[in-house]
Structures are given as structure tokens and as C-alpha cells.
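Student: Quick one: this structure, given as C-alpha cells, is what I'll be asking you about.
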Amino acid sequence: MLDKLQNILAEAEKTAGLITDAQELEKLKLAILGRKGTLTEILRGLSVLPIEERKKAGERANAVREQLESLIDSRLSELKRKALAEKLLKEKIDITLPGLPLPNGHFHPIRQTLDEMTGIFESLGFKTAEGPEIETDWYNFEALNIPRDHPARDSQDTFYLQDDDRLLRTHTSPVQARVMEKTQPPVRIIAPGRVFRNEATDATHSAIFHQVEGLYVDKNVTFADLKGTLTLFVHRYFSPEIGIRFRPSHFQFTEPSAEVDIQCIICGGKGCRVCKNTGWLEMLGCGMVHPNVFRSVKYDPKLYTGFAFGIGVERFAMLKYGIDDMRLFYENNLQFLRQF
Ligand code: PHE
């Protein structure tokens, strides 16, 4: 009997050491300790033995069962550890591998120009205002002293929306009327934004472009203030050495009106292809706010005066960076854009 127990134990030790599969190990456990297992059978056979022998053999059998159980359990956890180690080895990731490059983007040159211009005017006390790109006929024309059927409408070929009262704003000037309507003087704002005209695209024209509008209204604002402000702006944007002149012009919403020229920065004023041999470049429109504009926003034109200006953003950017084709701004060509 005792020999038999010893044999079972020795046999089990040998087999367990060879088994590499957890399921097989469970089977072995069942074959020995299960209901019909070899050890279970021996335990059952004990009852026929005399009491002294039964006691001894019983103790021994129980000890063997415990040994078998711990043998199988430890072999089982050993197998699990091994499996885990193998899995970890297979799933290892190499954290020393460099990541994919994520290039840094930056602002578009037009955005940069707008920000630079806004910065100069903000340093002079102008606040930034905004208006809608889809405008009404009233703000884009009527409030600016451009009645229906007035020939001045022809100078801005307009995209009208279906209902004929709404349109894509042709300039940023409607923001003047919108701001004045809501606030009392003093008013000192700039309005940067996109404008739209039904124009064929070429090197110097685009149906969508950008302007920075300016408006200053208070008591006793004079043409001298206009000249001082715009001269300072041009000098800051280009250089303090650059020549600047104010040339009489016409806009319906300013009186008097002027066009601002700067000395050609390509040839220094000597005359070249860019300035058409005049030595000067036309840069922006401006003037003293027309009394009719004040009337349409219910300001008293006897009490207040003011000046306004409209800057073509692309033109300033092109001259500063030496760009000879406006279309480059809109083509999303990274080779071009990465230079800024
Ligand atoms: N709105 C005018 C244009 O687009 C420019 C301008 C603005 C002129 C303000 C005078 C005063 O041509």
C-alpha cells in the first residue's frame, strides 16, 4: 500500500515535469485526484484494512495528496509565468524609435500683414471692429452716400445675392456706418476683413481681397490728423525714409477725398516698370467723412468731423515682400507660403 502511494507520487512528478500545457496538467490532476483517480481509489480501499494499518496508511495517503496538489499547482503557475514572459517578449515595443515628424504651421502672409497693420493702429488707440461679409445694399452703398442708380456704383462691380438687397461687401466701408450707428463719438476704429468684387483675376486683381478700414470721428478732427496718422502708418509699415504724398481724388463718402501715394520702393522714385515710370505708387484711398454719411447714421455734421481710409492689404504685402503676382496668395502653394 505504502509502495503504491510512493509510485503514484514518483510517476506524477515525472509526468508533470514533461507537461508544457495547462490543460494537460489539469487532466493529470483529475487522473490522480479526481473521483475515479488512482489516489482516490486507494483511499477508498483503506476501509478494509485493520484499524492500526488503516491509520498509518491514511496519514500517508493524505500527505501524498497534499504533495501532489502542491506539485501540480506550482507546475501550473510556472507554466503561466512562462507563457506571460513569452507574450511580453513578443509584444515589446521599441520606445527608442523616433516619432513621426509633425511640422509646425504658421500664419498665412495675408494674416500676418493684417495683424501687423492692426498692431500699428492699435498702438495709436484704434480699436478693431468687424462687420458681415454678406452686407445689405444700405450699409454697402446707400448709407455711404451712394444712392441707387448713382454712377459711382459702377466703379465697384458687385456680387448681388438672389434677393437683390443683399450682396457681398465690395469694401470694408460699411463697417463705418455700422459702428457709428451703435456708438456716439469719439469713434476710433479699424475694420480689417475680406471684400469681394466681380473682377477677372490677374497678377494685380482678385475677386476676393482684403482691406483695412479706418475711421476717426470727434469734434475738431482735421485733414492734418488724417495726414499725420497715415504718414506715421506708412513709415512704420515700410520705413521712415519713404516719401509719401496726398493726391486729390473722389469718393462718395468722403469730402475732400485723397489718394495716398508712396515713393516707389522698387526703384526708389527714379521710375521703373512697377511704378510705370512715375516714381510713385498708389497705395490707398482716404478723406474727410462726408456730411451725408453722418446724417445717415444720425450724427450732427455741424458738431463732428472725421476722417476715413481704406487700405488694400495685398498691395502693401506685395510691395513689402517683393511679390509680383497677387494670385500667389490664394493658391495654397506651400513652396511660396513657407517663405513667410
Ligand atoms: N472704400 C474705398 C474703396 O474700397 C476706400 C476708402 C475708404 C476711401 C475710406 C475713402 C475712405 O475703394
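The values are calculated or read from the model by the stated rules, or taken from the named source; none is laboratory data. Predicted model, so just to flag it, every value in this text is computed and none were measured. Positions of Cβ are backbone-derived with ideal geometry, glycine not excepted, and every protein chain shown enters the neighbour counts.
Student: Out of all the residues in the stretch 270-298, which are more than 18 Å from R245 (Cβ to Cβ) and within 16 Å of the ligand (Cβ to nearest atom)?
Tutor: Those that are more than 18 Å from R245 (Cβ to Cβ) and within 16 Å of the ligand (Cβ to nearest atom): V289, H290, P291, N292, V293, F294, S296, V297.
Student: Can you find, within the stretch 202-236, the residue that is nearest to the ligand (Cβ to nearest atom) among those that are assigned to a helix (DSSP H, G or I) and among the hydroxyl-bearing types (S, T, Y)?
Tutor: Across the stretch 202-236, the extreme among qualifying residues is T229.
Student: Which one is farthest from the ligand (Cβ to nearest atom), of the residues in the stretch 240-254 that are closer than 26 Å to I323 by Cβ and without any contact (Cβ under 8 Å) to a residue 12 or more places away in the chain?
Tutor: E241
Student: Six or more apart or on different chains, Cβ atoms under 8 Å: show the pairs whose first residue is in the stretch 128-140 and in contact (Cβ under 8 Å) with a residue 12 or more places away in the chain and whose second is hydrophobic (A, V, I, L, M, F, W, C) and surrounded by fewer than 19 Cβ atoms within 10 Å (Cβ to Cβ).
Tutor: Close Cβ pairs (under 8 Å, with a partner that is hydrophobic (A, V, I, L, M, F, W, C) and surrounded by fewer than 19 Cβ atoms within 10 Å (Cβ to Cβ)) amount to I134/L161.
Student: Would you mind stating whether S257 is within 16 Å of the ligand (Cβ to nearest atom), assigned by TED's automatic domain parsing to the domain that holds R194 and either out of contact with any Phe, Trp or Tyr (no Cβ under 6 Å at 6 or more places or on another chain) or of a type in the set (K, R) (or both)?
Tutor: So S257 fails the test.
Student: For the stretch 302-318, check the following and say yes or no: at least one residue is over 22 Å from I189 (Cα atoms) and either more than 12 Å from the ligand (Cβ to nearest atom) or surrounded by 15 or more Cβ atoms within 10 Å (Cβ to Cβ) (or both).
Tutor: Yes, the stretch 302-318 has at least one match.
Student: Go through the stretch 140-156 and give me each residue that's within 12 Å of the ligand (Cβ to nearest atom) and either more than 16 Å from G214 (Cα to Cα) or assigned to a strand (DSSP E or B) (or both).
Tutor: Passing the criteria: F141, N145, I146, A152, S155, Q156.
Student: A further question follows. Residues that are in a loop (DSSP other than H, G, I, E, B), within 13 Å of the ligand (Cβ to nearest atom), crowded, with 21+ Cβ neighbours inside 10 Å and in the same structural domain as L230 (by TED's automatic domain parsing): does the stretch 173-195 have at least one?
Tutor: Within the stretch 173-195, one or more residues are in a loop (DSSP other than H, G, I, E, B), within 13 Å of the ligand (Cβ to nearest atom), crowded, with 21+ Cβ neighbours inside 10 Å and in the same structural domain as L230 (by TED's automatic domain parsing).
Student: Looking at L25, L30, L9, which one is free of Cβ contacts under 8 Å to residues at least 40 places away in the same chain and either closer than 12 Å to I72 by Cβ or touching a Phe, Trp or Tyr at 6+ places or on another chain (Cβ under 8 Å) (or both)?
Tutor: L30
Student: Please determine whether any residue of the stretch 278-295 is touching a Lys or Arg at 6+ places or on another chain (Cβ under 8 Å), at pLDDT below 95 and among the aromatic types (F, W, Y).
Tutor: yes
Student: Among the listed residues Q263, Q184, identify the single one that is among the polar types (S, T, N, Q) and either closer than 20 Å to Y321 by Cβ or touching a Cys at 6+ places or on another chain (Cβ under 8 Å) (or both).
Tutor: After applying the criteria, what remains is Q263.
Student: Are there any pairs with C-beta distances below 6 angstrom linking a residue in the stretch 195-219 that is within 13 Å of E314 (Cα to Cα) and modelled with pLDDT of 95 or more to a residue that is within 14 Å of the ligand (Cβ to nearest atom) and among the aromatic types (F, W, Y), with the two at least 6 apart or on different chains, and if so which?
Tutor: I208/F196
Student: Looking at the stretch 97-141, which of the residues that are modelled with pLDDT of 95 or more and polar (S, T, N, Q) is surrounded by the fewest Cβ atoms within 10 Å (Cβ to Cβ)?
Tutor: It comes out as S123.
Student: Limited to the stretch 168-215, what total is found for residues that are touching an Asp or Glu at 6+ places or on another chain (Cβ under 7 Å), β-branched (V, I, T) and over 22 Å from R153 (Cβ atoms)?
Tutor: Residues flagged as touching an Asp or Glu at 6+ places or on another chain (Cβ under 7 Å), β-branched (V, I, T) and over 22 Å from R153 (Cβ atoms) within the stretch 168-215 amount to 1.
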